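The values are calculated or read from the model by the stated rules, or taken from the named source; none is laboratory data. Small disclaimer: the values here were computed from a predicted structure and weren't measured. All Cβ positions, even for glycine, are placed from backbone atoms using ideal geometry, and neighbour counts span all protein chains on display.
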Amino acid sequence: MNCYYHKDKDRAAECINCGKPLCRACSAYWGANMCTDCIKKIAVKKRNIFLLRLAAVIAVTGALFYLFYCKMGSTAPINALTAFFGGNEPRRKTALFIYALACIPAGLRASFTLGRWFAGIYDLTGRAVMLCFVAVIAGGILLGAAAVPIYCIWLLYGVIKYNFTVKAAKARLAKLKNIERKRKK
Ligand SMILES: [Zn+2]
Ligand SMILES: [Zn+2]
């Protein structure tokens, strides 16, 4: 059988994800022994996960802040901005405190991601996992206010990175199709 994308080239390998036959150039192209269709499919999935998580973090944190600061404090959202950036120190402290509270759920999620990554790298087991778990919860609550903006930037970076891969894969698929069409003529 010949390469799935180049019908005139011999099979040299196969996609490790779906088993499509690939020529040498196609199997090396993405540096992952995967066909372009699978690269695209996986990148689309990952991009959507990052996008969904980013939307969820912003929605949950924003909704909690709105609930605690605007709804319970009976104040307009614009007043929150002036509380943060205006000169009134007690008002700024209140707004920051409520912001830190609103960041707890997303902070826990960010801390969990970091903790899982850490436990994976250092191959933690038993008591170390428990300690890591406690650190994750403490980190999420104490550092949520600082972690949430960084988490959002990291999620946005993931969206952009995987979207770039999706575009590159689409461009390669179009190019391969063109080459095949010309060859057939
Ligand atoms: Zn494949
Ligand atoms: Zn090929």
- Query: Does PHE97 satisfy the condition of being of a type in the set (Phe, Trp, Tyr), without any contact (Cβ under 8 Å) to a residue 12 or more places away in the chain and closer than 26 Å to ILE137 by Cα?
  - Reply: yes
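Could you please let me know if PRO90 is assigned to a helix (DSSP H, G or I), over 30 Å from ALA174 (Cβ atoms) and under 28 Å from the mean Cα position of the chain (by Cα)? Let's see the steps before the verdict.
Working: assigned to a helix (DSSP H, G or I): yes; over 30 Å from ALA174 (Cβ atoms): yes; under 28 Å from the mean Cα position of the chain (by Cα): no.
So PRO90 fails the test.
Hey, among the residues in region 16-32 that are crowded, with 16+ Cβ neighbours inside 10 Å and either within 11 Å of ligand 2 (Cβ to nearest atom) or assigned by TED's automatic domain parsing to the domain that holds LEU156 (or both), which one's nearest to the chain's Cα centre (by Cα)?
So in region 16-32, the residues crowded, with 16+ Cβ neighbours inside 10 Å come out as 20-23, 26-27, 29-30.
Still in the list and also either within 11 Å of ligand 2 (Cβ to nearest atom) or assigned by TED's automatic domain parsing to the domain that holds LEU156 (or both): 20-23, 26-27, 29.
Working: LYS20: 28, PRO21: 31, LEU22: 30, CYS23: 32, CYS26: 27, SER27: 26, TYR29: 24 Å.
Per the stated criteria, the residue is TYR29.
Of all helices (runs of 4 or more DSSP H) completely enclosed by region 94-185, which ones contain at least 3 residues that are more than 22 Å from ARG53 (Cα to Cα), modelled with pLDDT of 95 or more and more than 14 Å from the chain's Cα centre (by Cα)? Spell out the reasoning first.
Numbers: elements: 104-122, 127-142, 144-184.
Where helices (runs of 4 or more DSSP H) fall fully within region 94-185 and carry at least 3 residues being more than 22 Å from ARG53 (Cα to Cα), modelled with pLDDT of 95 or more and more than 14 Å from the chain's Cα centre (by Cα), they are 144-184.
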- Item | So ALA43, is it under 17 Å from ALA168 (Cβ atoms), modelled with pLDDT under 95 and more than 10 Å from ligand 2 (Cβ to nearest atom) | no
- Note on the structure: Flagged in region 95-105 as over 9 Å from ALA145 (Cα atoms) and in contact with a Phe, Trp or Tyr (Cβ under 8 Å, 6 or more places away or on another chain), in numbering order, are ALA95, ILE98
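Within region 36-59, is even one residue more than 22 Å from the chain's Cα centre (by Cα) and in contact (Cβ under 8 Å) with a residue 12 or more places away in the chain? Working first, answer last.
Applying the first criterion (more than 22 Å from the chain's Cα centre (by Cα)) to region 36-59 yields none.
For region 36-59, residues more than 22 Å from the chain's Cα centre (by Cα) and in contact (Cβ under 8 Å) with a residue 12 or more places away in the chain: absent.
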